[in-house]
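Working notes for the structure below.
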Amino acid sequence: MRLLIVEEALQRPAGHWPVYIGDIARGLREMGDTVDVLAHRQADPALLQQLNAIPWLSRSCWSDPRAQGQLGGLRHSLRFARELKRWLRQQPDPYDWICSLTMRLPHLLAYTLLARSGQIPAGSCCLLLFVQGFGVYAGQDQPVQFPDSASNRLARWCFRRLRHAVRRGTIVLAAETEEMRQELALFSGLPVALFPHPVQVQPLPEQAQQARPVTITCPGFARYEKGTDLLQQACRLVWAEPGLGNVQVVIQWPEPFALPDGRLLSPDPELLVDVRFDLINDNLDQSAYSALLSRTDLIVLPYRRDSYHNRLSRVAIEASIHGIPLLPMSGTWAEDLSTLAGGTAVIEHETPEAVAAGLIAALKSLDELKRSAQAGRGRVAAFHSVATFRSLLVQDTGIDPARALVPNL
């Protein structure tokens, strides 16, 4: 197949997008596909070399104030459509797939304008994958609410005008979590596919055989939506529980984060002097991150539901593929992933006491959780893979999967 991945957020070598897009592009190329990647026009040369990408898109709605707000968003839609159309026009042959994998409203309007004006080449299909929805979380087990806002009215206008292309299969709407898939289908009134978030991991370094504490890790930068404040308060409750042995909690917390009332939260000074609290106050490169995972016994994800009920966590996928058990917040996507891996431990409520109770229960059954995580790692790796991602594209193009999934050797 011949594919185009369009991602204006590709500017710097570090961060989420180079890893995510890089895994997909590299995996598809290894399977014999031709993959072009359009990055930001001012992308770092190291990033362009790393992804074999093309500097093309002039603005990013993720970081450029000129592409944000109602007027900025409309202007960005027109600019994005014009720049994508210019690239497509100069291609000798159409792409099988044009992929935008972190869709926002300006991109949706741009693709609507291109599709309605016949600017998407015949023979090309578009994969539009949404990581952000149009609804507002209304509580666990409650239906998502869709505000009657100008942006939502514009989004519905776009979906109405794309309905024939979606039903023909030339436009494929997609999401990475089942909750987001259901939300987008309800909002748009159109079919939405569930796609994996492909992750390629390297083997973890071997740990020296020596006594060490049981290590609980909450990967990624500390933030309110990730429940870092709850975890910090839960630490003392866990350490006060008799019979758990030597337990260490690792949190990556390089700078204070804002609470809903505007206050900035930093690590508790009393915890900073406790040897059972390991604070990482810096970015982690791949080597340091792998070393951290290699000494991790349990990943705790006390994520708040209003942010993560339909939102994916890449670090959770990576941990599960390595066979590290998860302790997720119930009612979040991470619970679904843990279930896929065979996990049974959850945090029941968004309180320090519930986080501590979940940790204590998990620590008491840690051996069993580890066995389940090791047994289920293959299921996670198989679903969240480039091969599964590709097979879904192949199904829509009608290419024979038995032949198409065989790499060129």
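Taken about its Cα centre, the stretch 214-383 carries a charge dipole of roughly 500 debye when the Cβ of each Lys and Arg holds +1 and the Cβ of each Asp and Glu holds -1. Build a GNM of the chain with springs between Cα atoms under 10 Å apart, and of GLN200, GLN395, GLN252 the one that fluctuates most is GLN395. Taking the convex hull of the alpha carbon positions in the stretch 347-396 and averaging its projected area over all directions gives 5.3 nm².
Relative to its residue count, the stretch 238-334 spans a Cα convex hull of 143 Å³ per residue.
For CYS126, the residues whose modelled amide H falls within less than 5 Å of its own, excluding neighbours fewer than 5 places apart on the same chain, are ILE98, ILE171, VAL172. Annotation: amide H-H contacts under 5 Å for VAL37 (H modelled 1.01 Å from N, sequence separation of 5 or more, or interchain): ILE5, ILE54. Per residue, the convex hull spanned by the Cα atoms of the chain amounts to 155 cubic angstrom.
In the stretch 209-363, taking the dipole from charged Cβ atoms about the Cα centre, the farthest positive-side position among TRP239, ILE299, TRP253 is held by ILE299. Computed about the Cα centre, the dipole magnitude for the stretch 1-101 is approximately 520 debye when only Lys and Arg (+1) and Asp and Glu (-1) carry charge, each at its Cβ. For the chain, the relative contact order works out to 13 percent when only alpha carbon pairs closer than 8 Å and six or more residues apart are counted. Between the listed residues PHE80, GLN395, ALA381, the Cα displaced farthest toward the positive end of the dipole of the chain, a dipole computed from Cβ unit charges relative to the Cα centre, is found at PHE80. Charge dipole (Cα centre; +1 on Lys/Arg Cβ, -1 on Asp/Glu Cβ; no other charges) of the chain amounts to roughly 1900 debye.
Once the Cα atoms are used to define both axes, helix 228-239 deviates from the longest principal axis of the chain by about 30 degrees. Kirkwood's formula applied to the C-alpha pairs of the stretch 117-219 gives a hydrodynamic radius of 17.0 angstrom. What's the angle, to the nearest 10 degrees (0 to 90), between helix 69-89's Cα axis and the longest principal axis of the chain? Relative to the chain, helix 69-89 is tipped by roughly 60 degrees. Grouping the Cα pair distances of the stretch 169-292 into 10 Å bins from zero gives a pair-distance distribution of 10, 28, 26, 23, 11, 2, 0 percent in increasing distance order.
Calculate how steeply helix 178-188 sits against the longest principal axis of the alpha-carbon atoms of the chain, using the helix alpha-carbon long axis, and give the answer as 0 to 90 degrees to the nearest 10. Between helix and principal axis, roughly 40 degrees. Classify the stretch 94-145 as rounded, prolate or oblate, taking a ≥ b ≥ c as the square roots of the eigenvalues of its Cα gyration tensor: rounded when a/c is under 1.5, otherwise prolate if a/b is larger than b/c and oblate if not. In terms of gyration-tensor shape, prolate. Neighbour counting of Cβ atoms within 10 Å sorts the residues TRP333, TRP87, fewest neighbours leading, into TRP87, TRP333.
The order of the peptides 293-305, 369-381 by mean Cβ neighbours within 10 Å, most packed first, is 293-305, 369-381. Under the classification rounded if a/c is under 1.5, otherwise prolate if a/b is larger than b/c and oblate if not, where does the stretch 214-383 fall, given a ≥ b ≥ c as square roots of the Cα gyration tensor eigenvalues? Here the stretch 214-383 falls in the rounded category.
Where a number appears in this text, it was derived from the coordinates with a stated rule and is not lab data. Predicted model, so just to flag it, every value in this text is computed and none were measured. Glycine also receives a Cβ, built like all others from the backbone with ideal geometry; neighbour counts cover every protein chain displayed.
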